[in-house]
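Note sheet for the following structure.
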Amino acid sequence: MADSIRLATIGTSMISDDLIAAARQVEGIEYVGTLSRNPVNAREFTEKHGGHRPFTSLEQLANCPDVDAVYIATPNACHYEQALACVRGDKHVLVEKPLCSNRYEAQSLYAAAELHHVVALEAMRPVHDPAWAQIWRELPRLGRLRRATFRFGKYSSRYDDVKAGRHTNIFDASMASGALMDLGVYCIEPMVALFGVPERVVAAPTLISDAQTASTNGIIDGAGSVLCSYGRRSGTPGLVVELAYSKISTDLLPCQIEGDLGTLTLDAMSVPQAASVMVRGQAVRGAATTKANAVGSVTEQLAIEPCDNNMVFELRDFVSVVRGEKLDTLWGSGMDARGAESSFTDVTLDALAVCDEIRHQAGVHFPADFRVE
């Protein structure tokens, strides 16, 4: 392998622009070029970002000896086949969230990566962002964890297409898309990373189409609320987590984690910029009055370093895992690469299992759900 990891990308959307911009801030990675089925798009996008090898077919990219790793940012339904082809070409892969359409595909991809001695990593920003590692370190101050609310909702302009009966990949069951797989995963993966796997999941989806809707190729969700409960078999017994996500409305509320000693609040799931911890003082009684319910409570603002593109962090972790270097993760500092990779893998698989259950309850099905190999 060359001194720098030579990176190609698949997809020419805005997220690929952001990833390549982040790569310029990460030591040890070099952008080579981009794959697009349209030769003009491939060439223009590659040249715009300073690359020199445009690609026009997956086979060409997977077999290119001048590429060490591939970032995949295509519709969700394409992730598995494209990543698998690259892995079989002995390429490391960094795959935009969600890694695959379901847990079964993800397991298969990880098995192939292990067989070919390459790294497969999901590009899930919160799991790699140091702000979430700081939140993890603050949890003991909250006492016994009782409730958490993770939410992410923003109105998508593509919903205007749905309302007008026009097709868009963002709301298309055949593309394994919808609100859960686009925004809900930003709530689910941090939940799993912090608290583990819930023992019970109860979903209340907001569906925007039915099985006969041609423009969405079947049932698809526009929003949803989920209750996840943790029991004795988990590390956080008695905890209930509420998840709220939407692509058909805008959620303006903060997120929070509540314990019996204090409450942590944060402003956003995908790119946290502000967070605080309130450590409760002495509880006092005060029925229907304006009297405070605690005396001596202290609120501390957490020092979260501003970051205009937190894709930098997932790229740094990717480079470290590929090179076998120690790295700082949400779960601790100086983790060896193998252990960190295993932790990231477990979170992705467990989160996809939660997504699979939510979709099952919602009646949302993807082509990959019927895959038989």
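At-a-glance table
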| read-out | value |
| --- | --- |
| Some residue of region 300-307 being loosely packed, with under 13 Cβ neighbours inside 10 Å, within 20 Å of the chain's Cα centre (by Cα) and at pLDDT below 95 | yes |
| Filtered residues of region 43-79 (kept if acidic (D, E) and under 22 Å from C100 (Cα atoms)) | E59, D68 |
| Residue that is farther than 20 Å from L139 by Cα and either of a type in the set (A, V, I, L, M) or part of a loop (DSSP other than H, G, I, E, B) (or both), where the choices are L264, L349 | L349 |
| Candidate set: region 196-219, residues that are in contact with a strand residue (DSSP E or B) (Cβ under 7 Å, 6 or more places away or on another chain) and not in a strand (DSSP E or B); chosen: the one least open to solvent (accessible area, probe 1.4 Å) | P198 |
| Residues within region 101-126 that are open to solvent by 10 Å² or more (accessible area, probe 1.4 Å), outside any loop (DSSP other than H, G, I, E, B) and among the aliphatic types (A, V, I, L, M), tallied | 3 |
| Long-range neighbours under 6 Å by Cβ, at least six apart or interchain, first residue in contact (Cβ under 8 Å) with a residue 40 or more places away in the chain and part of a helix (DSSP H, G or I) within region 7-28, second open to solvent by less than 10 Å² (accessible area, probe 1.4 Å) and of a type outside the set (A, V, I, L, M) | S16/T9; L19/Y71 |
| Whichever residue in region 40-50 is out of contact with any Pro (no Cβ under 7 Å at 6 or more places or on another chain) and surrounded by fewer than 21 Cβ atoms within 10 Å (Cβ to Cβ) and, among such residues, is farthest from E314 (Cα to Cα) | V40 |
| Residues of region 308-338 satisfying the condition of being open to solvent by 50 Å² or more (accessible area, probe 1.4 Å), assigned to a strand (DSSP E or B) and hydrophobic (A, V, I, L, M, F, W, C) | none |
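The values are calculated or read from the model by the stated rules, or taken from the named source; none is laboratory data. Here the structure is a predicted model, which is why all the values come from computation and not from measurement. Cβ coordinates were reconstructed from backbone atoms using ideal geometry, including for glycine residues, and neighbour counts include every protein chain displayed. The protein model used for the area step is the full one, side chains on, heavy atoms only, and it has no ligands, DNA or RNA in it. Shrake-Rupley method; radii C 1.70, N 1.55, O 1.52, S 1.80 Å.
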